[in-house]
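The values are calculated or read from the model by the stated rules, or taken from the named source; none is laboratory data. Remember, it's a predicted structure, so these values are computed and weren't measured experimentally. Neighbour counts run over all protein chains shown; Cβ positions are idealised from the backbone, glycine included.
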Amino acid sequence: MIDPTSFTYDKKAAEERAKKLHADANRRLNKLKTEVKEVLEKQNLNKDSYECQLYSDTVFDLQDGSQLHQVNTPKTRLYYVEKVDSFVFLSRSNLDDNSGVCYSVRRLQDDKLSIKILQH
């Protein structure tokens, strides 16, 4: 078994990894937001229609001042929340519910980054 305490923390590598994950999360978020906007504009859908409900882009204001972004299409649902020095990103397939990705990045009190990636 690998001893997790035997690893040396590389601050530069962790910062780079966090930047790449943040960029990927924002790229995916913006891509899905653009898709939703384009579909809704092209279809000129009635907001109460079933088709319109398949595409949504909602932002929730949280008590701590951050915002939760929830974007949904027939193929994908995505959640993203960002705070100072931290973010959580979750994207799941609506087609098979078996594929998805989750990034969790946060700065700890000792200034190290906690980076977790889950892929299914």
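Data for the structure
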read-out	value
Enumerated strands (runs of 3 or more DSSP E) restricted to segment 64-120, each holding at least 1 residues that are farther than 29 Å from PHE7 by Cα	67-72, 76-83, 86-93
The listed residue being closer than 16 Å to LEU29 by Cα, of a type in the set (Val, Ile, Thr) and either at pLDDT below 95 or buried (at least 17 other Cβ atoms within 10 Å of the Cβ) (or both), out of VAL81, VAL59	VAL81
One residue from LEU40, LEU54, LEU62, LEU29 being more than 30 Å from THR8 (Cβ to Cβ), within 13 Å of the chain's Cα centre (by Cα) and touching a residue at least 12 places away in the same chain (Cβ under 8 Å)	LEU29
Residue within segment 92-111 that is touching a helix residue (DSSP H, G or I) at 6+ places or on another chain (Cβ under 7 Å), under 23 Å from LEU40 (Cβ atoms) and surrounded by 12 or more Cβ atoms within 10 Å (Cβ to Cβ) present	no
Any hit, segment 7-26, residues being loosely packed, with under 15 Cβ neighbours inside 10 Å, part of a loop (DSSP other than H, G, I, E, B), out of contact with any Cys (no Cβ under 9 Å at 6 or more places or on another chain) and not hydroxyl-bearing (Ser, Thr, Tyr)	yes
Matching entry among SER86, SER114 (being surrounded by 15 or more Cβ atoms within 10 Å (Cβ to Cβ) and under 30 Å from TYR9 (Cα atoms))	SER86
Some residue of segment 27-49 being part of a strand (DSSP E or B) and not β-branched (Val, Ile, Thr)	no
Criterion: under 17 Å from the mean Cα position of the chain (by Cα), at positive phi and in contact (Cβ under 8 Å) with a residue 12 or more places away in the chain - qualifying residue of ASP97, ASP85	ASP85
